[in-house]
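Engineer: What follows is a single structure, and I will ask about it in a moment.
Coordinate-derived values only; no laboratory data. All of these numbers come straight from a predicted model, not from anything done at the bench. Every residue, glycine as well, gets a Cβ built from its backbone with ideal geometry; the counts of neighbours run over all protein chains shown.
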Amino acid sequence: MEEKYIQLFTRQIEKLDTEDFDLEAWKSSTIVLLKKVFGAQDPKIEQIEKLKIDYSSWTLRDSNAKYKPIETCKKIGKEILLSAIDEIELLGVNDNKTALKAFFSEGQLDKLKSKDQKIEEKKAIIRQLKKNELESIVLSLFEENYSSSK
């Protein structure tokens, strides 16, 4: 799954170089992707939201100015997505399966995921958990950044 997320971010970076680039459309699709991968509270989303082309800037009125607002937005956007790719490559994606790894061994997870495993055997594995562990698992399914707020 992580490779697919990296491909999606790479495509977003490629969109920055298209001739008909539209910053607002790019921001919208990038924000949706960032929310899906990192959760709605990720600071990269706020950084993307802040990107804007400031045509009222005094630097635009100066003919010698080197400030190019659209290019600046593209560079910042690219750096944000490159850091997102780095984060995925180095840390992985914190999903619900990651939360489950805190409570179950690999063998137990394999048994729980298996369609061949009997329901009673799966229940026996789950019954070994304490009440607060079950609460943590259920919360991790609904809270986007639960594992970091424990």
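Engineer: Determine the gain in length on full extension of the stretch Ile6-Glu121; use 0.36 nm per residue of separation and subtract their C-alpha separation, reporting nm with one decimal.
Structural biologist: Value of the extension gain: 37.7 nm.
Engineer: Need one number: the % of Cα-Cα pairs in the stretch 2-91 sitting beyond the 19 Å mark.
Structural biologist: Of all Cα-Cα distances in the stretch 2-91, 41 percent exceed 19 Å.
Engineer: Counting other C-beta atoms within 10 Å, which of Lys52, Lys35, Lys115, Lys44 has the fewest, and how do the rest follow?
Structural biologist: Lys115, Lys52, Lys35, Lys44
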